[in-house]
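Accompanying notes for the structure given below.
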Amino acid sequence: MPDLNNLALKDNPLISFNYRSFGGVAGIRSIHSTREYLCCVAPSSVIVCRPNPNQFSLSTCYNILAHDLLRVFIWVIGIISVVGNTVSIRWHSQKKSSKKLGIVEMLLINLSAADFIMGIYLIIIASANVYYANRYYEIFQEWLRSVPCLTASFCISLSSLMSTFVLFLITLDRYLHLVYPFQNYRLSAKTTTLALVILWLISIAFVGLPIIYSINQPSINRLYSSNSACLPGNFNNPYLLTWLLCYAGLTFVVWIFIAIMYVAILSTLANSRKEAHRRLSKNDKIIRAKMITIVATDLICWLPLYIVLIRGFGFGLDTHSLPFIAVLSLPLNSCINPIIYTLFTTTFIDYINLAIGKLNCCSCLTFFRSIRKSNQGSQLQGSELRLISKLK
């Protein structure tokens, strides 16, 4: 076809293409398609090619992750998430004085399991970026239709949703213990187990249905559309957009309840201190700072996503910023949670002190002893310590 000047490939189901795909059409001048990265292999004779790859997007013609910061960030957070949550699951699974796991241990194991799944997502994306390096434009559609990409999309959706649910249960348990210390308002082991099973099943079904629907589908019918990091974000399909809004709305409501319960806890502790005519001590300040830190880190991870989605209703959705926000903010919780709830607790640090002491590592021992000293200063008295002491 030497006389071909204009080529239109809109909504073409072509999956694989490379530089040899345009052999024999040396005179072509313009290409119009709905395929991202097709212009990456356009011959030099082409003057107009649409759509052009966006240099500020998450991916380029050659790599799934376009920026060095993203590549390093995903590897670091992924490894921390997998290792940290593996340690957390192993630590809280140890049966101590009783034959059965306590409610707090049960919740923390499930939280670590949900965050571990996020680590799997990050490792899948980071590994795919290495495997397809310098040739992403050739396997663009193959990657998006592959089992690893579908699995990655399922993992990040399930992990974020289930982690939010478990954090709600943990906060509820704290709320009942600290706001109603002398009432019989408690989560029983049976109730907690049943709630966790139901939440896991609902989350798997809610996330799994659109993933199954996305198998071997064009971008318009995929949950993650053409997002190279397999992040849910199809805003062109009305059904998948409805799913995304329900997902974001549900997590937003849960976080509001979590924030309200922490405000109630802080208010109750302040009133108890006032009634006892006790000043705000250093211990109280540390406790308040820890609770604020928990809420703040959660909001930091989710708030950017909510802001972009809310602004989308009035100013149009920023589809270029959304992938960066989702990749950079959402996974942070998966490595922060095991640090807050396991690695920096007094019991775990005492265990590490003992282990390091046996190895006679003086510098390491000094570091962990300093952390333990700061943690000891944050302990509560009486009924206010009941739940927090379990976390230590």
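The values are calculated or read from the model by the stated rules, or taken from the named source; none is laboratory data. The shown structure was predicted, so the numbers you read here are calculated from the model rather than taken from an experiment. Counting neighbours? That spans all protein chains shown, and the Cβs are built from the backbone with ideal geometry, glycine included.
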Self-check item: the stretch 242-268 residues that are under 30 Å from Pro181 (Cα atoms) and not assigned by TED's automatic domain parsing to the domain that holds Asn333, paired with ones that are at pLDDT 90 or above and part of a helix (DSSP H, G or I) (beta carbon under 6 Å, 6 or more apart)
Solution: none
Quiz item: Cβ-Cβ below 7 Å, separation at least six or inter-chain, first residue in the stretch 290-302 and closer than 21 Å to Thr346 by Cα, second at pLDDT below 75: which pairs?
Solution: Lys290/Ser378
Exercise. Report yes if Leu187 is aliphatic (A, V, I, L, M), more than 28 Å from Phe140 (Cα to Cα) and in a loop (DSSP other than H, G, I, E, B), otherwise no.
Key: yes
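For every residue, the table says whether it meets (1) modelled with pLDDT under 90; (2) within 26 Å of Trp255 (Cβ to Cβ).
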{"site": "Ile124", "(1), (2)": "no, no"}
{"site": "Tyr131", "(1), (2)": "no, no"}
{"site": "Asn134", "(1), (2)": "yes, no"}
{"site": "Glu138", "(1), (2)": "yes, no"}
{"site": "Val147", "(1), (2)": "no, no"}
{"site": "Thr192", "(1), (2)": "no, yes"}
{"site": "Leu196", "(1), (2)": "no, yes"}
{"site": "Ile211", "(1), (2)": "no, yes"}
Practice problem: Return yes or no: is Tyr239 more than 21 Å from the chain's Cα centre (by Cα), surrounded by 14 or more Cβ atoms within 10 Å (Cβ to Cβ), of a type in the set (Ser, Thr, Tyr) and farther than 24 Å from Leu111 by Cα? | Solution: no
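Yes or no, residue by residue, for (1) under 20 Å from Phe324 (Cβ atoms); (2) of a type outside the set (Gly, Ala, Ser); (3) part of a loop (DSSP other than H, G, I, E, B); (4) out of contact with any Gly (no Cβ under 9 Å at 6 or more places or on another chain):
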position	(1), (2), (3), (4)
Ile211	no, yes, no, yes
Ile215	no, yes, yes, yes
Ile220	no, yes, no, yes
Asn227	yes, yes, yes, no
Cys230	yes, yes, yes, yes
Phe235	yes, yes, yes, no
Thr242	no, yes, no, yes
Cys246	no, yes, no, yes
Gly249	no, no, no, yes
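Condition check ((1) within 22 Å of Tyr341 (Cα to Cα); (2) over 16 Å from the mean Cα position of the chain (by Cα)) across all residues:
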{"site": "Leu161", "(1), (2)": "yes, no"}
{"site": "Val166", "(1), (2)": "yes, no"}
{"site": "Arg174", "(1), (2)": "yes, yes"}
{"site": "Leu187", "(1), (2)": "yes, yes"}
{"site": "Ile202", "(1), (2)": "no, yes"}
{"site": "Phe206", "(1), (2)": "no, yes"}
{"site": "Tyr213", "(1), (2)": "no, yes"}
Quiz item: Of these, Arg135, Arg174, Arg90, Arg71, which one is part of a loop (DSSP other than H, G, I, E, B) and surrounded by fewer than 22 Cβ atoms within 10 Å (Cβ to Cβ)?
Solution: Arg135
